[in-house]
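Accompanying notes for the structure given below.
The values are calculated or read from the model by the stated rules, or taken from the named source; none is laboratory data. From a predicted model like this one, the values you see are computed outputs, not experimental measurements. Cβ atoms come from the backbone with ideal geometry, glycine included; neighbour counts cover every protein chain shown. The accessibility values were calculated without ligands, DNA or RNA, using every heavy atom of the protein model including side chains. Shrake-Rupley method; radii C 1.70, N 1.55, O 1.52, S 1.80 Å.
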Amino acid sequence: MSHVAILIDGEFMKKRLSRRLKRFPDGEAVMGEISRIRSALGSPALYRVFYYTANPLTEKVTNPLDGSVVDFARTGSYRRNRRLITSLERLPDVAVRRGELVSRGWALRRRVADRLMKGNPKRLNAGDLTPQIDQKGVDMRIGLDIASLALKRLVSEIVVVTGDSDIVPALKFARREGLRVHLDLLGGGGRRELRVHADRVIS
């Protein structure tokens, strides 16, 4: 029997669904996308859904301009992300794979940087800065799981939900090992090098 594994870049999906739904997605919205994907492929047997994300930050950071403290564990973003992860963990045939979030200090907000680039200097205030947070380890985990699925012949096809072209080497490896590789961009265009290394782009 043909089995499919669905590998989801969680940050990518959250951004796309938030834009479409006009709200932060919940577990039901994510599972709706999984059902749509399986239907587009003719409803093959599901091996497993792998959802890649990171636990929300719990640390505190201090704004260098006014000394105010942001406690990430008390933010709405923390609560929403924690609730989503918990709901997905409890679903059958879903595995949550975790990278990590790292606080990298502070950065200018886009509108402030644009203003400065246009030669419109203005005294900075605390609200002009935003915490800079990077996600680490997710691409590596997606790539390792793709390689494991291919080498162990656990599935005959995979669907990768991402817009990140860093995953291209893993897609190429999977195809060389005989897997059918599908790409879902959740309605986005996607970079050419990502699209050309999939057997099919699900629209």
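One residue stands out among those in segment 139-165 that are of a type in the set (Asp, Glu) and closer than 16 Å to THR53 by Cα: the one that is modelled with the highest pLDDT, which is ASP145. The residues listed here are ALA126, ALA147, ALA113; of these, the one that is over 14 Å from the mean Cα position of the chain (by Cα) and within 30 Å of LYS172 (Cβ to Cβ) is ALA147. Against the criterion of being surrounded by fewer than 14 Cβ atoms within 10 Å (Cβ to Cβ) and touching a residue at least 24 places away in the same chain (Cβ under 8 Å), GLU59 qualifies. Candidates in segment 1-28 are the residues that are open to solvent by 20 Å² or more (accessible area, probe 1.4 Å) and not charged (D, E, K, R); of these, the one that is farthest from GLU100 (Cα to Cα) is MET1.
Looking at TYR52, TYR78, can you tell me which residue is over 23 Å from ALA5 (Cα atoms) and aromatic (Phe, Trp, Tyr)? Break it down stepwise before answering.
Working: TYR52 fails: over 23 Å from ALA5 (Cα atoms).
Unique residue meeting the criteria: TYR78.
Would you be able to say whether some residue in segment 111-119 is out of contact with any His (no Cβ under 7 Å at 6 or more places or on another chain), open to solvent by less than 70 Å² (accessible area, probe 1.4 Å), over 23 Å from ILE6 (Cα atoms) and touching a residue at least 12 places away in the same chain (Cβ under 8 Å)? Yes, because at least one residue in segment 111-119 is out of contact with any His (no Cβ under 7 Å at 6 or more places or on another chain), open to solvent by less than 70 Å² (accessible area, probe 1.4 Å), over 23 Å from ILE6 (Cα atoms) and touching a residue at least 12 places away in the same chain (Cβ under 8 Å). The criterion of at least 1 residues that are more than 26 Å from PRO131 (Cβ to Cβ) and touching a strand residue (DSSP E or B) at 6+ places or on another chain (Cβ under 6 Å) is met, among strands (runs of 3 or more DSSP E) falling completely within segment 1-112, by 3-9, 45-54, 94-108.
Could we say that GLY189 is more than 18 Å from LYS14 (Cβ to Cβ) and modelled with pLDDT under 90 here?
Numbers: more than 18 Å from LYS14 (Cβ to Cβ): yes; modelled with pLDDT under 90: yes.
So GLY189 passes the test.
The set of residues from segment 41-55 being modelled with pLDDT under 95 and either within 13 Å of the chain's Cα centre (by Cα) or open to solvent by 30 Å² or more (accessible area, probe 1.4 Å) (or both) comprises LEU41, GLY42, SER43, ALA54, ASN55. Given (1) over 27 Å from LEU186 (Cβ atoms); (2) without any contact (Cβ under 8 Å) to a residue 40 or more places away in the chain, identify the lone condition not met by LEU65. Only one criterion is unmet by LEU65, namely (2).
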